[in-house]
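Inspection log for the structure reproduced underneath, given as structure tokens.
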Amino acid sequence: MTVPYRRILLAGLSALILLATAASGDAATSPTSSATADGQRDFDWEVGTWRSTVRVLAEPLSGTPDEWLRFTGTSVVKPLLDRRANVLEFQVSGPNGRIDALNLRLYEPQAQRWSLTFVNMRDGLLTPAVYGGFRDGTGEFFGDDQYDGRPIKVRFRIFRPSVDEARFEQAFSADGGTTWETNWSAVDRRIRR
């Protein structure tokens, strides 16, 4: 994907966000059930506003002692296209700065899987997607990317200890998936209105 295409896609995504409104009806509330057997509604539970507490590893895959940066803020998940897609707006800050990002999730019915594509608003570029879905209440998504010019594997996991709490973890592997280093963890708690 070329940079101009990414910018066009980002502009389109931004327009969708502005037009998105909450879909009618209640989201699924069970932390382990899907609304449909094929997984198309696996993210319904997340629609809404969440308080996010985030830890980010300062220097992933560096071999240096772990230094974790801490951030707090909000995550807002909005359904799109009759909940076959959604977008997460993520804004957190802390002593080391601010993170503004988007996560576009699209359901692929033919493959019965989700793709998750992240956008860091600092550079406005899309990351390569991770692909997967939920099984027994846990989401697991994998993809390929680059870090500091070298190829890596990316793993993203979602855990739901309760209907009002979710945990997210991202890990990188520089050895083809044999070992993983977690570099991002977040705990989200639903904000009830």
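Numbers below:
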| read-out | value |
| --- | --- |
| Proximal charge balance of Leu57 [Cβ under 9 Å; K/R count +1, D/E count -1] | -3 |
| Inverse of mean 1/r across different Cα pairs in the range 41-193, Kirkwood, Å | 16.1 Å |
| Carbon plus sulfur fraction of accessible area for the range 53-193, probe 1.4 Å, in percent | 47 percent |
| The range 46-161: relative contact order in percent, alpha carbon pairs under 8 Å with at least 6 residues between | 13 percent |
| Cα-projected label distance for Arg192 with Glu59, points at 7 Å along beta-carbon direction, nm | 4.5 nm |
| Calculated from backbone phi, Karplus (6.51, -1.76, 1.60) coupling profile of the range 128-133 in Hz, x at Gly/Pro | x, 5, 10, 10, x, x |
| Relative contact order for the range 93-193, counting Cα pairs under 8 Å that sit 6 or more residues apart, in percent | 14 percent |
| Rule-of-thumb Rg ratio for the range 136-193 [Cα; 2.2 N^0.38 Å; N residues] | 1.34 |
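The values are calculated or read from the model by the stated rules, or taken from the named source; none is laboratory data. Since we're looking at a predicted model, the values are computed, not measured. Note that each Cβ is placed from the backbone with ideal geometry, even for glycine, and that neighbours are counted across all protein chains shown. When the accessible area is computed, the model is the full protein with side chains, heavy atoms only, and any ligands, DNA or RNA have been set aside. Shrake-Rupley method; radii C 1.70, N 1.55, O 1.52, S 1.80 Å.
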